[in-house]
């Protein structure tokens with residue numbers, strides 16, 4: 001992706017969509033370019049590292065889990081990954097970049113970013129209802145304690161479940177204003193410990209043992225669960 005701006009990450013997967021051997025390269029590149037150009041026109045900045053990495057991880061997970069079988073499915077994952085956090089552009093950057101914990105009021109403001117993102121993403125060409133729904137629900141939890149709708153288990157749209165795993169993993173292994181990046185092992189432990197509460201447990205298993213291990217990690221590092 002020509003507009004990629006690297007973030008501060010530890011133990012990162014190789015930042016290239018050429019890893020997506022199961023997906024046609026031209027479709028991946030063209031869709032990423034379309035989304036990146038639209039985001040730059042809207043936000044006045046290049047696509048950022050977290051957006052690219054979540055897209056990469058989400059597409060790998062969708063492919064490995066057998067949840068993407070068509071060109072349209074590939075495009076949906078890419079657009080949803082690139083735009084999943086676009087709603088944060090409508091939130092005060094002092095809240096987004098706050099180095100300490102958020103107040104209750106600030107947390108409530110942050111909880112609006114998925115719905116704000118859905119509205120912004122609805123203006124993008126080629127973004128369909130499934131993409132908008134995934135953006136709106138990527139902070140739902142498997143146990144029903146997430147937001148905005150408190151959806152539970154398989155009532156959470158599959159693409160939203162995929163985005164959640166990719167989003168949380170990348171956030172954990174990325175430096176944030178309020179904490180340094182975690183190691184891969186620490187992030188994997190978190191995902192495994194929260195499978196069945198925060199995350200779809202099947203997707204966590206696929207992510208840990210097929211997505212991450214495919215790209216240089218050893219299975220022995222990540223016990224079965």
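For residues that are touching a helix residue (DSSP H, G or I) at 6+ places or on another chain (Cβ under 8 Å) and assigned to a loop (DSSP other than H, G, I, E, B), scanning just the range 195-210, find the one that is surrounded by the fewest Cβ atoms within 10 Å (Cβ to Cβ). I'd like the intermediate steps shown before the answer.
First pass over the range 195-210, keeping only residues touching a helix residue (DSSP H, G or I) at 6+ places or on another chain (Cβ under 8 Å): 195, 198-200, 203-204, 206-210.
When the remaining residues are screened for being assigned to a loop (DSSP other than H, G, I, E, B), the result is 198, 200.
On the way: 198: 20, 200: 23.
Selected residue: 198.
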Over the range 122-145, the set of residues under 20 Å from residue 68 (Cβ atoms) and in contact (Cβ under 8 Å) with a residue 40 or more places away in the chain is 124, 126, 127, 128, 130, 131, 134, 135, 138
Going through the range 43-76 in order, the residues found to be surrounded by fewer than 21 Cβ atoms within 10 Å (Cβ to Cβ), modelled with pLDDT under 90 and more than 14 Å from residue 174 (Cβ to Cβ) are 43, 44, 45, 46, 69
Is it true that some residue in the range 92-104 is buried (at least 16 other Cβ atoms within 10 Å of the Cβ), modelled with pLDDT of 95 or more and more than 17 Å from residue 171 (Cα to Cα)? no
Checking the structure you have, find out if any residue of the range 112-119 is under 14 Å from the mean Cα position of the chain (by Cα) and either in contact (Cβ under 8 Å) with a residue 40 or more places away in the chain or surrounded by fewer than 16 Cβ atoms within 10 Å (Cβ to Cβ) (or both). no
Evaluate the range 203-225: report whether one residue or more is within 30 Å of residue 94 (Cα to Cα) and modelled with pLDDT of 95 or more. no
Filter the range 147-177 for residues that are part of a loop (DSSP other than H, G, I, E, B) and touching a residue at least 24 places away in the same chain (Cβ under 8 Å); which is farthest from residue 204 (Cα to Cα)? 177
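The values are calculated or read from the model by the stated rules, or taken from the named source; none is laboratory data. Just so you know, these numbers come straight off a predicted model, no measurement behind them. As a convention, Cβ positions derive from the backbone with ideal geometry for all residues, glycine included, and neighbour counts pool all protein chains shown.
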